[in-house]
Structures are given as structure tokens and as C-alpha cells.
Amino acid sequence: MIVQAVQDIRSQRQACGGLAEKVAKMVLAMAEELAHGGLNENMQKRIATFSGELKKILTSILQYKDYKWYRHFLEKSSISETVSDGIARLDECARNFQMVGMLDLHKMLESAARTRQETNNYQQAILAQQEDVATTMRSVEKVVRQMSVIVQPVVEEVMASVRAPVDTAF
């Protein structure tokens with residue numbers, strides 16, 4: 001029975017170490033995500049949720065830290081349940097954190113795709129307007145050429161009359 005109790009306590013310590021390792025991995029994952037995506041409003045909410053869960057887990061585990069060995073022995077099943085519950089809550093928090101992160105990423109990608117489509121639409125509209133302007137300019141050039149053919153003889157007649165000697169005797 002004593003050997004079993006010692007093994008249970010070692011197992012609990014290992015479980016606590018596993019819990020601490022999971023927390024460290026999540027903190028590193030958050031740091032990496034912050035490095036890539038920055039601290040937006042959704043990330044702040046996700047960090048606050050994670051922080052709240054960590055505080056709850058820590059509070060539930062810290063109640064056992066000052067127990068004497070015999071009290072650990074007496075409450076080993078309660079301690080094991082608390083650690084297991086903490087691990088389960090942390091796993092759920094990690095899944096939620098990742099899921100919300102994926103949803104945020106999906107929203108950002110949708111927004112980028114929408115922006116890209118809008119940009120393409122604007123570019124096509126500008127190209128169509130440029131083609132309309134080019135067509136209009138060709139029409140204007142054609143009209144100007146036709147008018148110059150009509151106006152040219154009149155201009156030449158006026159220029160000839162200007163060059164002709166003017167009768168100054170009245």
C-alpha cells in the first residue's frame with residue numbers, strides 16, 4: 001500500500017510536469033502566433049480566456065502545495081482528479097484557442113480574397129475606361145482630320161487675301 005501511494009505521488013508529479021509542459025507549449029505557440037499576426041482584438045480575447053483558465057487550474061492545484069505527505073496520501077485521488085481535470089481543461093482551452101485562430105485566419109484569407117477580387121474589378125473597369133477614352137480620341141482625331149480638310153481651303157483663301165496688296169486709295 002505504501003509503495004502504491006509513493007507511485008501514485010510520483011505519477012501525480014509527472015502529471016503536473018506534463019501539465020506545465022503543455023502550458024509552456026501553448027505559451028510558445030501564442031508567442032509564435034503573435035510574432036506573425038500581431039495582437040489584434042481576437043488575439044487579446046483568446047489570451048484572456050487562456051489566462052483565465054490557467055488561473056483556475058493553478059488555483060485548484062495550489063490548494064495542495066502546502067499539504068504534508070500524509071495529507072497527500074489521504075487525498076491522492078482528489079489530487080489526481082484535480083490534475084486530470086486541469087489537463088482536460090487545458091486541452092480544451094488549447095483546442096478552442098487553435099480553432100478561434102483558424103477562424104481568424106480564414107476570415108483574413110476571405111478578406112484578402114475579397115480585396116483581391118475588388119482590385120481586379122477596379123483594374124478591369126479602368127482598362128475598359130481607357131479603351132473608351134482611346135476610342136473617343138480616335139473619333140476626335142478623325143473629326144479633326146475631316147474638319148481640317150474642310151477648313152484648309154478657307155484658311156488658304158483668307159491667307160491669300162491677307163497677302164494681297166490692299167487698295168489704299170479711296
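Computed from phi, the 3J(HN,Hα) profile of segment 17-28 under the Karplus parametrisation 6.51, -1.76, 1.60 (θ = phi - 60°) reads x, x, 4, 4, 5, 4, 4, 4, 5, 5, 5, 5 Hz, with x in place of Gly and Pro.
In the P(r) worked out for segment 74-156, what percent of Cα pairs fall beyond 14 Å? Distances greater than 14 Å cover 81 percent of the Cα pairs.
Sequentially through segment 105-111, phi angles give Karplus couplings (6.51, -1.76, 1.60; θ = phi - 60°) of 4, 4, 4, 5, 5, 4, 5 Hz, Gly and Pro residues having no value and appearing as x. Applying 0.36 nm per residue to the separation of GLN129 and GLN146 and subtracting their alpha-carbon distance, the gain on full extension is 3.6 nm.
Report summary: the helix-based calculation at 222 nm, which adds -39500 (n - 2.57) for every DSSP H run with n ≥ 4 and divides by the residues of the chain, gives -33000 deg cm²/dmol.
Scan (1) 9.8; (2) 8.3; (3) 20.1 for the value of mean projected area of the Cα convex hull in nm² calculated from this model and give just the label. It is the value labelled (3).
Rolling a 1.4 Å probe over the heavy atoms of the protein chains gives the chain an accessible area of 79 Å² per residue.
Using 0.36 nm per residue and subtracting the Cα-Cα separation, the extra length available between HIS106 and THR136 on full extension is 6.3 nm. Extension gain, GLN14 to GLN44: 0.36 nm times the residue separation minus the Cα-Cα distance gives 7.7 nm. For the residue pairs LYS45/LYS107; LYS56/LYS107; LYS22/LYS56, the C-alpha atoms sit more than 25 angstrom apart in LYS56/LYS107.
Taking the protein heavy atoms of the chain in the context of the full set of protein chains, the accessible area attributed to carbon and sulfur is 62 percent at 1.4 Å.
If R0 is taken as 45 Å, the Cβ-Cβ distance between GLU157 and TYR122 corresponds to a FRET efficiency of 0.30. Here the Karplus relation 6.51 cos²θ - 1.76 cosθ + 1.60, evaluated at θ = phi - 60°, turns the backbone of segment 6-14 into coupling constants of 5, 5, 4, 5, 4, 4, 5, 4, 5 Hz, with x for every Gly and Pro.
The values are calculated or read from the model by the stated rules, or taken from the named source; none is laboratory data. All figures in this text were calculated on a predicted structure; none of them were measured in a lab. Using ideal geometry, Cβ is built from the backbone for each residue, glycine included, and neighbour counts are taken over all protein chains shown. We work out accessible area using only protein heavy atoms, side chains counted, and drop any ligands, DNA or RNA first. Shrake-Rupley method; radii C 1.70, N 1.55, O 1.52, S 1.80 Å.
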